[in-house]
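A.B. asks: I have a structure here, written as structure tokens, and I will follow up with some questions on it.
The values are calculated or read from the model by the stated rules, or taken from the named source; none is laboratory data. Source: prediction; values computed, not measured. All Cβ positions, even for glycine, are placed from backbone atoms using ideal geometry, and neighbour counts span all protein chains on display. Protein only, heavy atoms only, side chains kept; ligands, DNA and RNA dropped before computing areas. Shrake-Rupley method; radii C 1.70, N 1.55, O 1.52, S 1.80 Å.
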Amino acid sequence: MDRVPILKIGDILLVSIQIDMEDQVALQLQEDLADRVVTTGCHGVIIDISGLDIVDSFVGRTLATIASISRVLDAETVVVGMRPAVAITLVELGLSLPGIRTALNVELGMALLARAKADERAGDSEWDEIDDEDAETAADAQP
Amino acid sequence: MALEPDEASRLAALLEDKQEELVGAWTDRVAQSLRGRLSRAELQRQTTELRKGFQSALAGGATDLTQEAAAELRAQLSDLSTGRARQGFSATETAVSLFALKEALLGVLDGGDAGNLREYVAFSEFVDAAALFTFDTYVHVRESLIADQAEQLLELSTPVVKLWDGVVAVPLVGTLDSARAQVVMERLLQTLVDTGSPYAIIDITGVPAVDTQVAQHILKTVVAARLMGADCIISGIRPQIAQTIVALGIEFGDIATKASLADALRYALNKTRTRES
Amino acid sequence: MSDPVERIAVSTDQDVVRVRQLVRTIAVSAKLSLVDQTKLVTAASELARNTLVYGGGGTVEVTRVDNGRRQGIRIVFADQGPGIADLDLALTDGYTTGGGLGLGLSGARRLVDEFDIETAVGQGTSITVTKWCR
């Protein structure tokens, strides 16, 4: 069975899915990522899906689960590189990927994670002020 | 009343023997019907070729236009029809060019004889079939011309422009139907990827009316863009359109809407700045 | 023009991947637009997984079709499983008996041009979908 490689870059785990995944491979990735988040102590996960020509409800659900698990483990997940045709299909399919942050490419994904981290450092006291401006940006990514 | 094989060969011989007279008379009539829009030399060339086509089809034993022996003739007819359709002639004018052959042929037949009459009627039918064939081709060519033009129009009318670093805009002008809305949607999303722009402005100042379907398309575009990690701002919503949107019960939800393109750009730039700081 | 029917038996995860690849290859050769290809392959993936998970495996047949005006692709998903008891309910967004998102059937229906389903309890399920070239 193929396995999707996970790269560690600084505080970020980068996954680039380049193959048409069997359901088992997707579930394996979900497991591997949870392990790596814990062992590396990374606070960000970027999943690049620019190589995927389709995302069906199973893959969509797996991505959402990965995001939820990572959040529990104190890591933010950003899905990047979704192709336009895939996005249009997901809208038609009725899959809105709630709770998943998205960015157009890896670079913007890293910027998004850096901002999320900066927000966190700003601390709880300032959170409320920033909330109006920045939480809106963050919320935009999760309809 | 179809052509008999022996009639076909007699007619082929007639077309050969009287070719000059026939082509002359035929060309005259066609020239008359087209009233000088094609030069006589050009028409003469066409009728000469067609006569050859008819002659060799009949000599080859064709008693029906659909037969193998008439394949060459069919190709000629469709070339003629394609040319005429592209030059802007009507379907009638194209068909009349063939009907003229019947009149020309009548002139070269020695009249009176019942056998001749039978041949003539049968040949007429053959020519009619040829004329109908050009008609079909003509319609087909025009249809594809129209489809091509519609596609070109779609491309023309949906430019996606980069307004600023990280901000692209699509100014929509004219009526949005489902097909066009789809093209706009795909084009916009692709531009977001190509330019790595996290903000898109959909300006609908030039859209006269919005119905449920169009609103749905715009909403879907916005949701798809979000899935990809980009934000859409809709600008230029005119008062009537705002009223329609509310009356139709369409939820624009938390989508940013701005009165003008300028406001939308200012909003997007502000957001980009907060992102970068 | 009637192209040969391509048939794949679906009994494992890998077969679902093979269905996706076959449908994509045929969709490309039928000159479907990129978005339509993506929609059809996604629908095929959903339905093939249903055949596997709910139908206990079955077959997928892919054919090029031509209705005189347009070309298209027809896919038939057939299984000998338990069938669907309440079709209306199964076609409702969010309804699931298998722990999924409940978008497989209803979502796939929105992604294709024609969607036809035949099912009876204990008799298995056969779903036929068609997508036409624009």
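A.B. asks: Go through the stretch B:163-189 and give me each residue that's within 14 Å of another protein chain (Cβ to nearest Cβ) and either touching a residue at least 60 places away in the same chain (Cβ under 8 Å) or of a type outside the set (A, V, I, L, M) (or both). Quick ask: steps written out before the conclusion?
C.D. replies: Taking the stretch B:163-189 as the starting set, the residues that turn out to be within 14 Å of another protein chain (Cβ to nearest Cβ) are B:165-168, B:170, B:177-189.
Within the stretch B:163-189, B:Asp165, B:Gly166, B:Val167, B:Asp177, B:Ser178, B:Arg180, B:Gln182, B:Glu186, B:Arg187 meet the criteria.
A.B. asks: Right, another one. Within the stretch A:59-79, track down each residue that is open to solvent by 30 Å² or more (accessible area, probe 1.4 Å), of a type outside the set (Val, Ile, Thr) and more than 29 Å from C:Arg49 (Cα to Cα).
C.D. replies: Passing the criteria: A:Leu73, A:Asp74, A:Glu76.
A.B. asks: Determine the pairs where a residue that is in a helix (DSSP H, G or I), located within the stretch A:103-131, has a partner that is at pLDDT below 90 and not hydrophobic (A, V, I, L, M, F, W, C) with Cβ atoms under 8 Å apart, the partner being 6 or more residues away or on another chain.
C.D. replies: Between residues of the stretch A:103-131 that are in a helix (DSSP H, G or I) and residues that are at pLDDT below 90 and not hydrophobic (A, V, I, L, M, F, W, C), the close pairs are A:Ala111/B:Arg275; A:Arg115/A:Asp134; A:Arg115/A:Thr137; A:Arg115/B:Arg275; A:Asp119/A:Asp134; A:Trp127/A:Asp119; A:Ile130/A:Asp119.
A.B. asks: Quick one: which of B:Leu105, B:Leu101, B:Leu132, B:Leu109 is aliphatic (A, V, I, L, M), more than 30 Å from B:Glu186 (Cα to Cα) and modelled with pLDDT under 80?
C.D. replies: Working: B:Leu105 fails: modelled with pLDDT under 80; B:Leu101 fails: modelled with pLDDT under 80; B:Leu132 fails: modelled with pLDDT under 80.
Exactly one of B:Leu105, B:Leu101, B:Leu132, B:Leu109 is aliphatic (A, V, I, L, M), more than 30 Å from B:Glu186 (Cα to Cα) and modelled with pLDDT under 80, namely B:Leu109.
A.B. asks: Same structure again: Can B:Ile241 be described as surrounded by 21 or more Cβ atoms within 10 Å (Cβ to Cβ) and away from chain A (no Cβ under 11 Å)? Please lay out each step first, then the result.
C.D. replies: Values: surrounded by 21 or more Cβ atoms within 10 Å (Cβ to Cβ): no; away from chain A (no Cβ under 11 Å): yes.
Taking the combined requirement at face value, the residue does not satisfy it.
A.B. asks: While we're looking at this one, here's another question. Looking at B:Val96, is it more than 15 Å from B:Ser33 (Cβ to Cβ), of a type outside the set (Lys, Arg) and in contact (Cβ under 8 Å) with a residue 40 or more places away in the chain?
C.D. replies: Working: more than 15 Å from B:Ser33 (Cβ to Cβ): no; of a type outside the set (Lys, Arg): yes; in contact (Cβ under 8 Å) with a residue 40 or more places away in the chain: yes.
Answer is no for this residue.
A.B. asks: Would you mind stating whether A:Thr40 is in contact (Cβ under 8 Å) with a residue 24 or more places away in the chain, on the phi < 0 side of the Ramachandran plot and away from chain B (no Cβ under 13 Å)? Outline the logic, then answer.
C.D. replies: Numbers: in contact (Cβ under 8 Å) with a residue 24 or more places away in the chain: yes; on the phi < 0 side of the Ramachandran plot: yes; away from chain B (no Cβ under 13 Å): yes.
The answer is yes for A:Thr40.
A.B. asks: Another question, then. So which residues in the stretch B:75-90 are surrounded by fewer than 17 Cβ atoms within 10 Å (Cβ to Cβ) and part of a helix (DSSP H, G or I)?
C.D. replies: If the condition is that a residue be surrounded by fewer than 17 Cβ atoms within 10 Å (Cβ to Cβ) and part of a helix (DSSP H, G or I), then B:Ala75, B:Asp79, B:Gly83, B:Arg86, B:Gln87 are the ones that fit.
A.B. asks: Let me ask something else about it. Restricting the stretch C:93-122 to residues that are under 28 Å from C:Leu32 (Cβ atoms) and β-branched (Val, Ile, Thr), which is modelled with the lowest pLDDT? Please lay out each step first, then the result.
C.D. replies: Residues of the stretch C:93-122 under 28 Å from C:Leu32 (Cβ atoms): C:93, C:100-119.
Going one step further and asking which of them are β-branched (Val, Ile, Thr), we end up with C:112, C:117, C:119.
Values: C:Val112: 94, C:Ile117: 92, C:Thr119: 89.
Ranking the candidates gives C:Thr119 first.
A.B. asks: If you don't mind, another one. Looking at (1) assigned to a loop (DSSP other than H, G, I, E, B); (2) surrounded by 20 or more Cβ atoms within 10 Å (Cβ to Cβ), which is the only condition A:Ile19 fails?
C.D. replies: (2)
A.B. asks: Also, quick follow-up: Considering only residues that are of a type in the set (Val, Ile, Thr), assigned to a helix (DSSP H, G or I) and more than 12 Å from every other protein chain (Cβ to nearest Cβ), which ones fall in the stretch A:57-92?
C.D. replies: Initial filter on the stretch A:57-92 (of a type in the set (Val, Ile, Thr)): A:59, A:62, A:65-66, A:69, A:72, A:77-80, A:86, A:88-89, A:91.
Filter once more, so that each one left must be assigned to a helix (DSSP H, G or I): A:59, A:62, A:65-66, A:69, A:72, A:86, A:88-89, A:91.
Answer for the stretch A:57-92, where residues must be of a type in the set (Val, Ile, Thr), assigned to a helix (DSSP H, G or I) and more than 12 Å from every other protein chain (Cβ to nearest Cβ): A:Ile66, A:Ile69, A:Val72.
A.B. asks: Restricting to the stretch A:93-107, name every residue that is buried (at least 21 other Cβ atoms within 10 Å of the Cβ) and facing another protein chain (nearest Cβ under 8 Å). So that I can check it myself, show each step before the final result.
C.D. replies: Looking only at the stretch A:93-107, we keep the residues that are buried (at least 21 other Cβ atoms within 10 Å of the Cβ), and these are A:93, A:95, A:97, A:100-104.
If the condition is that a residue be buried (at least 21 other Cβ atoms within 10 Å of the Cβ) and facing another protein chain (nearest Cβ under 8 Å), then A:Leu93, A:Leu95, A:Leu97, A:Arg101, A:Thr102, A:Ala103, A:Leu104 are the ones that fit.
A.B. asks: Which condition number in (1) open to solvent by 10 Å² or more (accessible area, probe 1.4 Å); (2) within 14 Å of another protein chain (Cβ to nearest Cβ) is the one that A:Ile47 fails?
C.D. replies: It is condition (1) that A:Ile47 fails.
A.B. asks: Another question, then. Take the residues in the stretch B:176-191 that are among the aliphatic types (A, V, I, L, M) and assigned to a helix (DSSP H, G or I), then tell me which one is farthest from the chain's Cα centre (by Cα). Spell out how you get there, then give the answer.
C.D. replies: Quick first cut of the stretch B:176-191, residues among the aliphatic types (A, V, I, L, M) only: B:176, B:179, B:181, B:183-185, B:188-189.
From what's left, assigned to a helix (DSSP H, G or I): B:179, B:181, B:183-185, B:188-189.
Working: B:Ala179: 16, B:Ala181: 20, B:Val183: 19, B:Val184: 21, B:Met185: 24, B:Leu188: 26, B:Leu189: 28 Å.
Among residues in the stretch B:176-191 that are among the aliphatic types (A, V, I, L, M) and assigned to a helix (DSSP H, G or I), the one farthest from the chain's Cα centre (by Cα) is B:Leu189.
A.B. asks: Please list, ordered by first then second residue, the pairs with beta carbon atoms under 6 Å, 6 or more apart or interchain, first in the stretch B:198-222 and within 18 Å of B:Ala268 (Cα to Cα), second crowded, with 19+ Cβ neighbours inside 10 Å and among the β-branched types (Val, Ile, Thr).
C.D. replies: B:Tyr199/B:Val167; B:Ala200/B:Val168; B:Ile201/B:Ile233; B:Ile202/B:Val170; B:Ile202/B:Ile234
A.B. asks: Now a separate question. When the stretch B:144-175 is examined, which residues are found to be assigned to a strand (DSSP E or B) and either of a type in the set (Gly, Ala, Ser) or under 20 Å from the mean Cα position of the chain (by Cα) (or both)? Before the answer, list the steps.
C.D. replies: Looking only at the stretch B:144-175, we keep the residues that are assigned to a strand (DSSP E or B), and these are B:161-164, B:167-173.
Answer for the stretch B:144-175, where residues must be assigned to a strand (DSSP E or B) and either of a type in the set (Gly, Ala, Ser) or under 20 Å from the mean Cα position of the chain (by Cα) (or both): just B:Ala169.
Results for (1) among the hydrophobic types (A, V, I, L, M, F, W, C); (2) in contact with an Asp or Glu (Cβ under 9 Å, 6 or more places away or on another chain); (3) at the interface with chain A (Cβ under 8 Å from one of its Cβ atoms), shown as yes or no for each residue.
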site: C:Ala27; (1), (2), (3): yes, yes, no
site: C:Leu34; (1), (2), (3): yes, yes, yes
site: C:Lys39; (1), (2), (3): no, yes, yes
site: C:Thr42; (1), (2), (3): no, yes, yes
site: C:Arg49; (1), (2), (3): no, yes, yes
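A.B. asks: Which one of these is closer than 13 Å to B:Phe126 by Cβ and out of contact with any His (no Cβ under 9 Å at 6 or more places or on another chain): B:Phe54, B:Phe89? Break it down into steps so the answer makes sense when it comes.
C.D. replies: Working: B:Phe89 fails: closer than 13 Å to B:Phe126 by Cβ.
Among B:Phe54, B:Phe89, only B:Phe54 is closer than 13 Å to B:Phe126 by Cβ and out of contact with any His (no Cβ under 9 Å at 6 or more places or on another chain).
A.B. asks: For the stretch C:27-134, give me every one of the strands (runs of 3 or more DSSP E) that falls completely inside it and has 1 or more residues that are in contact with a Lys or Arg (Cβ under 9 Å, 6 or more places away or on another chain) and open to solvent by less than 10 Å² (accessible area, probe 1.4 Å). Quick ask: steps written out before the conclusion?
C.D. replies: Values: elements: C:58-66, C:71-79, C:114-120, C:124-132.
Result: C:58-66, C:71-79, C:124-132.
A.B. asks: Restricting the search to the stretch B:192-213, which residues are surrounded by fewer than 21 Cβ atoms within 10 Å (Cβ to Cβ) and part of a helix (DSSP H, G or I)? Explain how you work it out, then say what you get.
C.D. replies: Just the residues of the stretch B:192-213 that are surrounded by fewer than 21 Cβ atoms within 10 Å (Cβ to Cβ), to begin with: B:193-196, B:205-209, B:211-213.
Those that are surrounded by fewer than 21 Cβ atoms within 10 Å (Cβ to Cβ) and part of a helix (DSSP H, G or I): B:Val193, B:Asp194, B:Thr195, B:Thr212, B:Gln213.
A.B. asks: Another question, if that's okay. Could you run through the stretch B:120-164 and say how many residues are open to solvent by 80 Å² or more (accessible area, probe 1.4 Å) and in contact with a helix residue (DSSP H, G or I) (Cβ under 6 Å, 6 or more places away or on another chain)?
C.D. replies: Residues in the stretch B:120-164 being open to solvent by 80 Å² or more (accessible area, probe 1.4 Å) and in contact with a helix residue (DSSP H, G or I) (Cβ under 6 Å, 6 or more places away or on another chain): 3 in total.
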